[in-house]
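K.L.:
Have a look at this one before I ask anything.
The values are calculated or read from the model by the stated rules, or taken from the named source; none is laboratory data. Just so we're clear, the structure is a prediction, and the values are computed from it rather than from any experiment. Cβ atoms come from the backbone with ideal geometry, glycine included; neighbour counts cover every protein chain shown.
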């Protein structure tokens, strides 16, 4: 009796065909996985964009509400309504009064931005600016 060889020609061809099929499927499978990951990333970006859109839509509705606009004008711009209404601005600079004669120098409080703006407009209307008030020449030094 003769022994049969372990690897026949048919088995070698079958192994070669299986390896060829596996190699030919490796690239498409890798591309499929990459595309699935890209789809997941795009869906996440879409969800983020929709969330941001909803936030902006809510903000837009909020800005169309007259009562919200009044509250914001009062809070941010210190807006005061018509004549019967009295508004008070309370400032707390955090400075505590020291003992008498302590030699503390108090910083001059700045006017609100809208008051400074209005005063500059009035000065421009009258033709009196800083340079005109201090007597400086317009041409500079020379």
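Each row is one residue, and each column tells you yes or no for (1) over 30 Å from residue 113 (Cβ atoms); (2) surrounded by fewer than 10 Cβ atoms within 10 Å (Cβ to Cβ).
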position	(1), (2)
6	yes, yes
11	yes, no
14	yes, no
31	yes, no
35	yes, no
43	yes, no
66	no, yes
84	no, yes
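Table: residues versus (1) closer than 30 Å to residue 85 by Cβ; (2) modelled with pLDDT under 90.
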residue: 1; (1), (2): no, yes
residue: 26; (1), (2): no, yes
residue: 38; (1), (2): no, no
residue: 54; (1), (2): no, no
residue: 63; (1), (2): yes, no
